[in-house]
Amino acid sequence: MSFRTSSPLRSSAREASGEVRVLVVDDSAFMRHVITRELTSDAHVHVVGGARDGLEAINMARELKPDVVTLDIEMPKLDGLGALPRILEVCRARVIMLSSNEGVGRTNTLRALELGAVDFLLKPSGVSSANVAGIRETLLRAVHSAAGAHVRRATVSTTTLASQPKPTLNPTVGRTAARRLVVIGSSTGGPQALAAVIPRLPADLDAGVVVVQHMPPGFTASLAARLNDLSPLTVREAAAGDGIYNGEVLVAPGDYHLRFVTEGGMWRIKLDQGPRVHGVRPAVDVALASATEVASGRIACAILTGMGRDGTAGAAAVRSANGWVLAQNEATCVIYGMPRSVIDAGLATAVVPLEEVASGIVAHLNNPALRKKVS
């Protein structure tokens with residue numbers, strides 16, 4: 001999959017008024033009412049309308065030109081997945097999907113992110129007002145973040161990448177314990193970015209790869225499965241005790257910090273539910289700090305799109321351990337938060353557009369001086 005990068009999208013109406021114009025789309029009148037109530041608790045948010053299904057949402061988006069659309073996935077007439085591309089065609093809105101944490105809901109959410117949605121939120125379980133009201137802080141943070149996001153759309157089918165042969169793994173044959181480690185950290189916009197990076201890493205990569213993406217439990221397993229379908233490498237959700245092998249990608253599970261230990265002469269995964277860092281678990285900083293304890297100068301890390309500062313302290317630890325730090329450039333980020341923090345701190349060894357992240361990692365690993373260092 002490759003992506004075309006748009007310029008940062010800005011609404012002249014929003015810039016003039018200082019408010020974010022939101023269209024709420026949900027087939028439940030109750031949900032529309034409560035989401036609207038929670039959003040309008042912020043004086044800087046103006047809900048311009050509510051739509052009951054995808055068809056109504058397209059028409060209202062065309063007429064009202066909202067800055068942000070909250071879009072339910074499961075709706076009659078036309079669901080959110082079907083409406084999303086058409087909404088993006090008729091207005092310059094950033095779309096936040098509202099998803100259930102179930103198998104089909106997770107799969108459809110990941111597909112929506114590939115199609116151009118900038119973020120997603122879990123719909124609260126149950127339909128009581130108390131349950132829904134609990135999402136106020138998360139909802140408002142997501143809306144304000146989305147309002148300043150870049151919109152990225154897939155332009156090439158993933159079928160070509162997905163058709164590449166994947167090596168057959170045997171638990172005891174043909175797997176080489178990694179002696180170099182690549183850690184990739186991402187948040188908002190991360191699933192799209194990872195779908196542009198992981199499939200471009202070669203199956204014979206001379207390093208193990210670990211991905212730390214801010215996501216709830218369940219979604220990380222779906223993300224790993226999706227990346228596995230797209231990639232020549234084997235990608236799966238990490239489990240406690242997993243070994244780090246060349247040419248394999250492990251995705252940190254939602255709600256667990258991922259750390260590294262050395263056991264039996266190789267690096268293995270340790271998971272824990274310690275305190276959240278930067279309000280998230282897994283945190284990129286936790287994984288990178290742990291990586292420096294076992295791999296020292298044999299670490300390469302890439303900090304991709306995302307909100308906040310997670311990854312900056314970890315990148316500092318990596319540089320202090322003679323490791324290598326790559327940051328995604330501003331123009332290709334959905335949210336230029338995490339990479340910017342790393343760059344502003346002077347920690348980035350390289351700053352590249354999204355389409356050059358994979359090749360940058362490979363070029364670094366193929367550096368003769370580095371290969372001599374770990375041989």
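The values are calculated or read from the model by the stated rules, or taken from the named source; none is laboratory data. Because the structure is a prediction, the values reported are computed rather than measured. All Cβ positions, even for glycine, are placed from backbone atoms using ideal geometry, and neighbour counts span all protein chains on display.
In the stretch 51-62 there is at least one residue that is surrounded by 20 or more Cβ atoms within 10 Å (Cβ to Cβ), within 19 Å of His150 (Cβ to Cβ), at pLDDT 95 or above and not assigned by TED's automatic domain parsing to the domain that holds Pro191.
Exactly one residue out of Ser341, Ser320 is in contact with a Lys or Arg (Cβ under 7 Å, 6 or more places away or on another chain) and either polar (S, T, N, Q) or at pLDDT 95 or above (or both): that is Ser341.
All conditions in (1) assigned to a helix (DSSP H, G or I); (2) hydrophobic (A, V, I, L, M, F, W, C); (3) over 16 Å from the mean Cα position of the chain (by Cα) hold for Val357, with the sole exception of (3). The set of residues in the stretch 211-234 being under 12 Å from the mean Cα position of the chain (by Cα), of a type in the set (A, V, I, L, M) and not in a helix (DSSP H, G or I) consists of Val211, Val212, Met215. Among the residues of the stretch 89-114, those that are outside any loop (DSSP other than H, G, I, E, B), surrounded by 18 or more Cβ atoms within 10 Å (Cβ to Cβ) and of a type in the set (A, V, I, L, M) comprise Val95, Ile96, Met97, Leu98, Leu110, Ala112, Leu113. Residues that are small (Gly, Ala, Ser) and in contact with a Pro (Cβ under 9 Å, 6 or more places away or on another chain) within the stretch 186-217 comprise just one, Ala203. Candidates Pro216, Pro171, Pro167: the one that is at pLDDT below 95 and within 21 Å of Arg259 (Cα to Cα) is Pro216.
Could you list all residues from the stretch 270-299 that are surrounded by 24 or more Cβ atoms within 10 Å (Cβ to Cβ) and not in a helix (DSSP H, G or I)? Correct list: Pro282, Ala283, Ile299. Within the stretch 245-257, does at least one residue satisfy the condition of being over 13 Å from Val183 (Cα atoms), hydroxyl-bearing (Ser, Thr, Tyr), touching a strand residue (DSSP E or B) at 6+ places or on another chain (Cβ under 9 Å) and surrounded by fewer than 18 Cβ atoms within 10 Å (Cβ to Cβ)? No, the stretch 245-257 contains no residue that is over 13 Å from Val183 (Cα atoms), hydroxyl-bearing (Ser, Thr, Tyr), touching a strand residue (DSSP E or B) at 6+ places or on another chain (Cβ under 9 Å) and surrounded by fewer than 18 Cβ atoms within 10 Å (Cβ to Cβ). Among the residues that make up the stretch 316-331, is at least one of them basic (Lys, Arg), outside any helix (DSSP H, G or I) and within 21 Å of Leu181 (Cβ to Cβ)? There is no residue in the stretch 316-331 that is basic (Lys, Arg), outside any helix (DSSP H, G or I) and within 21 Å of Leu181 (Cβ to Cβ). For the stretch 26-51, a residue qualifies if it is part of a loop (DSSP other than H, G, I, E, B), within 21 Å of Glu63 (Cβ to Cβ) and in contact (Cβ under 8 Å) with a residue 40 or more places away in the chain, and the qualifying residues are Asp26, Asp27.
Condition check ((1) at positive phi; (2) under 16 Å from the mean Cα position of the chain (by Cα); (3) among the β-branched types (Val, Ile, Thr)) across all residues:
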residue	(1), (2), (3)
Val284	no, yes, yes
Glu293	no, no, no
Ser296	yes, no, no
Cys301	no, yes, no
Asp310	no, yes, no
Gly314	no, no, no
Val325	no, no, yes
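Here His364 does not qualify as out of contact with any Pro (no Cβ under 9 Å at 6 or more places or on another chain), on the phi > 0 side of the Ramachandran plot, in the same structural domain as Val211 (by TED's automatic domain parsing) and modelled with pLDDT of 95 or more. Quick one: would you say Ala224 is touching a Lys or Arg at 6+ places or on another chain (Cβ under 7 Å) and at pLDDT 95 or above? For Ala224, the condition - touching a Lys or Arg at 6+ places or on another chain (Cβ under 7 Å) and at pLDDT 95 or above - is met. For the stretch 235-262, a tally of residues being among the hydroxyl-bearing types (Ser, Thr, Tyr) and either touching a Pro at 6+ places or on another chain (Cβ under 7 Å) or in a loop (DSSP other than H, G, I, E, B) (or both) returns 1.
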